[in-house]
Structure formats: structure tokens, C-alpha cells
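Below is one structure, written out as C-alpha cells, with a few remarks after it.
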Amino acid sequence: SHTCPMKYLPREMFIGGVNQSTVDNSTEEWLDTIEDRLAYKKWYCGHYHTDKTVDRLRFMFEDFLELR
């Protein structure tokens, strides 16, 4: 997915000066409900321009890999 489920938001990547209470997180909240119902091995996303792994979710920005 482009963005990630709400529970994995990388808050350290938020842009300073942006009032987060005005940001629409409806897609992230929706992905939370989907993620709770899925049996999956890996989830990939890239919206937050960082490379890191949290549990089974992998944020990819400059990193890349071959999916098989």
C-alpha cells in the first residue's frame, strides 16, 4: 500500500509545523481494520520517505528489493 495502517505511523517522520490534528488519517484508520483481519507475512509501504521495519511492516523509500 502507499501509506500504512494507523498503528504503524512513523511519527518521527512527521513534518514539523504541521498541525497533525488537521491531517486526514481515514485511509490509515481503514488499513488498521483491514490489517487486523489479514493473515500476511510482509506489508510494504513508502509514503513516509523512510527505510525501516516495524514488526511485519516495511517502510521503503531509498531501499528496494525483488519481490518473489
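The values are calculated or read from the model by the stated rules, or taken from the named source; none is laboratory data. This structure is a prediction, so every number in the text was calculated from the model and none was measured. Cβ: placed from backbone, ideal geometry, glycine included. Neighbour counts: every protein chain shown. Ligands, DNA and RNA are excluded from the accessible area calculation, which covers all protein heavy atoms including side chains. Shrake-Rupley method; radii C 1.70, N 1.55, O 1.52, S 1.80 Å.
Check the stretch 32-40 and report whether any residue there is more than 14 Å from the chain's Cα centre (by Cα) and among the basic types (Lys, Arg). Within the stretch 32-40 (the criterion being more than 14 Å from the chain's Cα centre (by Cα) and among the basic types (Lys, Arg)), the answer is yes, since at least one residue qualifies.
Within the stretch 35-63, residues that are of a type in the set (Ser, Thr, Tyr) reach partners that are open to solvent by less than 40 Å² (accessible area, probe 1.4 Å) and outside any loop (DSSP other than H, G, I, E, B) with beta carbons closer than 6 Å, at six or more positions or on different chains, in the pairs TYR48/PHE59; THR50/PHE59. Within the stretch 21-30, can one find any residue that is at pLDDT 95 or above and of a type in the set (Gly, Ala, Ser)? Looking through the stretch 21-30, at least one residue is at pLDDT 95 or above and of a type in the set (Gly, Ala, Ser).
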